[in-house]
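Right, one structure below, let's go through it.
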Amino acid sequence: MLDSKLLRTDVETTAQKLATRGFTLDVDALNALEEKRKSLQIRTQELQNDRNVRAKSIGKAKASGQDIEPLLAEVAQLKEDLANAEHELKELLAEINSIAQTVPNIPHESVPVGKDENENVEISRWGEPKEFDFDVKDHVDVASALGNGLDFETATKLTGSRFIVMNGAIARLHRAIAQLMLDLHTQEHGYQECYVPLLVNHDSLLGTGQLPKFGEDLFHTKPATEEGQGLALIPTAEVPLTNIARDEIFNESQLPIKMTAHTPCFRSEAGSYGRDTRGLIRQHQFDKVELVQLVEPSKSFDALEELTGHAEKVLQLLNLPYRKMLLCTGDMGFGSCKTYDLEVWLPAQNTYREISSCSNMLDFQARRMQARYRAAGAKKPELLHTLNGSGLAIGRTLVAILENYQQADGSVEVPEVLRQYMNGLEIIRP
RNA sequence: GGAGAGAUGGCCGAGAGGCUGAAGGCGCUCCCCUGCUAAGGGAGUAUAGGGUUUGUAGCCCUAUCGAGGGUUCGAAUCCCUCUCUCUCCGCCA
């Protein structure tokens, strides 16, 4: 959520910036609501004050034994007016809030203006795509040449499309990848390992910005009722990890807080029916090691570089060629003000595919969550800044390894850094 | 799942329709006293929103005692719903 002061006092500039990411802010409607809010709030508060003053005088009159009947008569109309005003104000605030909740973050000035992924800017490349002197197979064929390590048919029987059953060495490789990442981030990069719920409530989803706008991307397990909140499976560990800070006030000395978790992620993939239907690239359930940082506002852009570097390190250790993309305004996620995507080389597709997305959300999520910190010596707590990134998506890393490490005889070499997690196994053979 | 108890400021803990934004204690901050790692005295110490204003100063107002609704001129206090915590029983990985 944006600072309401921006929407109140500087709507024009805000609207212009938002337009670069393809979002149209209805300035006139917002201004009109704001006008109304102001006068209504003033009136409501005056009436409340009036009520308080009169109630007190009635109390005093009663205590001193006076007749209060005339005083009560005076108050009757006030009571009704106040109830009306309060009701009206409440509705209006709800309306303004529901609009504010759907406004995306403002892109940082360093973000290139563009309408879609074609206008993202390549920042750097690492590694050389390997030359193969045989016909490269994609990961599905690599796996099936090895046995039934990736069993799509059984997963379809058990659940449906876009799920996977993994077996044997492939399943173990999948686990090894997660182990490597967690060990790297906790031992070398200073993240605290966390185990978190995979089901989260409505407030958490509002906090990180999945709701109210993107509910159709989620798997809901329990409908929200009049009173109780619904629960949904997490689409990313960003949701539980970041919401740890919801309604908290940290001391400056506690920052930065760096957390990592390995979790499954669940996405309904609504609206992507025809895309990446083959293989592991786009699944309803996939594992990911997530990185989250909570930092002081002045340090969030440095932290973004650092966090992205942590994700890159995984690719470097695995010796997987990748490129780093700076997303343009039109391709960024809802809450982000600046995002780097890491794209790994997939020889079978002869292209780079997204394997990590690292974003600085600024205070956008923190404001929704009321996640704050108190600077040393400062009286008032301030919103902190939140960042998150994949470090990395495990399923896609598995894909990249199977494809980049395949050999002419159909076997797959185990990347050296993973062998310690594979009981020393060097080659996966049929 | 059954029965009961509870939710108050950074923490502990009073309060049981009006004078309570909230006693008291602890903690913390500042000042004073004290020549020694102790003790004592004083002051301050929630958050959000609005108005006024050149002002992130001051002043004024409003809201907030788990959340939401209700009763009342007036609710931390009474009623209803929900959420969470604790105790006992049952069940269970």
Residues of region A:379-404 satisfying the condition of being in contact (Cβ under 8 Å) with a residue 60 or more places away in the chain and farther than 30 Å from A:Arg353 by Cβ: A:Pro381, A:Glu382, A:Leu383, A:Leu384
Residue by residue through region A:237-258, note down the ones that are surrounded by fewer than 23 Cβ atoms within 10 Å (Cβ to Cβ) and at pLDDT 85 or above. A:Ile244, A:Arg246, A:Leu255, A:Pro256, A:Ile257, A:Lys258
Answer with yes or no whether A:Leu18 is under 30 Å from A:Asp341 (Cα atoms) and open to solvent by less than 40 Å² (accessible area, probe 1.4 Å). yes
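Matching residues to (1) of a type in the set (Gly, Ala, Ser); (2) at pLDDT 95 or above; (3) under 27 Å from A:Arg175 (Cβ atoms):
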position	(1), (2), (3)
A:Gly228	yes, no, no
A:Ala261	yes, yes, yes
A:Leu280	no, yes, yes
A:Leu291	no, yes, yes
A:Met332	no, yes, no
Residues of region A:156-172 being open to solvent by less than 80 Å² (accessible area, probe 1.4 Å) and not in a helix (DSSP H, G or I), in sequence order, are A:Gly160, A:Ser161, A:Arg162, A:Phe163, A:Ile164, A:Val165, A:Met166, A:Asn167
Looking at the structure I just gave you, is A:Pro297 touching a Phe, Trp or Tyr at 6+ places or on another chain (Cβ under 8 Å), on the phi < 0 side of the Ramachandran plot and in contact (Cβ under 8 Å) with a residue 40 or more places away in the chain? no
Unmet requirement for A:Tyr352, which otherwise passes all of (1) in contact with a helix residue (DSSP H, G or I) (Cβ under 9 Å, 6 or more places away or on another chain); (2) among the hydroxyl-bearing types (Ser, Thr, Tyr); (3) outside any loop (DSSP other than H, G, I, E, B): (1)
Which of the residues belonging to region A:7-38 are closer than 25 Å to A:His385 by Cα and in contact (Cβ under 8 Å) with a residue 60 or more places away in the chain? A:Leu7, A:Thr14, A:Lys17, A:Leu18, A:Thr20, A:Arg21, A:Gly22, A:Phe23, A:Leu25
Given (1) basic (Lys, Arg); (2) farther than 30 Å from A:Thr102 by Cα; (3) surrounded by 13 or more Cβ atoms within 10 Å (Cβ to Cβ), number of the condition A:Lys56 does not satisfy: (3)
I want to confirm something. Restricting to region A:137-155 and keeping residues that are more than 31 Å from the chain's Cα centre (by Cα) and of a type in the set (Asp, Glu), which single residue is least open to solvent (accessible area, probe 1.4 Å)? A:Asp141
Going by the conditions given, is A:Leu199 touching a strand residue (DSSP E or B) at 6+ places or on another chain (Cβ under 8 Å) and touching a residue at least 60 places away in the same chain (Cβ under 8 Å)? no
Which of the residues that make up region A:284-321 are assigned to a strand (DSSP E or B) and farther than 25 Å from A:Ile164 by Cβ? A:Val292, A:Gln293, A:Leu294, A:Val295
Just name the residue that is farthest from RNA strand B (Cβ to nearest atom) out of those in region A:30-79 that are among the small types (Gly, Ala, Ser) and within 25 Å of A:Glu95 (Cβ to Cβ). A:Ala32
Among the residues of region A:363-371, is any open to solvent by 30 Å² or more (accessible area, probe 1.4 Å) and assigned to a loop (DSSP other than H, G, I, E, B)? yes
Per the list (1) more than 10 Å from RNA strand B (Cβ to nearest atom); (2) under 27 Å from A:Asp331 (Cβ atoms); (3) surrounded by 13 or more Cβ atoms within 10 Å (Cβ to Cβ), residue check on A:Asp3 breaks on (1)
Return the pairs, sorted by first residue and then second, in which the second residue is of a type outside the set (A, V, I, L, M) and in a strand (DSSP E or B), the first residue lies in region A:410-430 and is without any contact (Cβ under 8 Å) to a residue 24 or more places away in the chain and closer than 18 Å to A:Gly149 by Cα, the beta carbons are less than 9 Å apart, and the residues are 6+ apart or on different chains. A:Glu413/A:Gln406; A:Glu426/A:Glu413; A:Ile427/A:Glu413
Selection status of A:Glu88, within 11 Å of RNA strand B (Cβ to nearest atom) and not hydrophobic (A, V, I, L, M, F, W, C): no
Would you mind finding the one in A:Val121, A:Val136, A:Val113, A:Val142 that is farther than 25 Å from A:Asn350 by Cβ, of a type in the set (A, V, I, L, M, F, W, C) and modelled with pLDDT of 95 or more? A:Val113
So which residues in region A:59-97 are under 30 Å from A:Asn31 (Cβ atoms), small (Gly, Ala, Ser) and surrounded by 11 or more Cβ atoms within 10 Å (Cβ to Cβ)? A:Ala83, A:Ala85
Say we look at region A:98-124 and pick out the residues that are charged (D, E, K, R) and not in a strand (DSSP E or B); which of these is least open to solvent (accessible area, probe 1.4 Å)? A:Asp116
Residues in region A:182-195: is at least one under 14 Å from the mean Cα position of the chain (by Cα) and open to solvent by less than 70 Å² (accessible area, probe 1.4 Å)? no
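The values are calculated or read from the model by the stated rules, or taken from the named source; none is laboratory data. Remember, it's a predicted structure, so these values are computed and weren't measured experimentally. Note: ideal-geometry Cβ built from the backbone for every residue, glycine included; neighbour counts use all protein chains shown. For accessibility, only protein heavy atoms count, side chains too; no ligands or nucleic acids. Shrake-Rupley method; radii C 1.70, N 1.55, O 1.52, S 1.80 Å.
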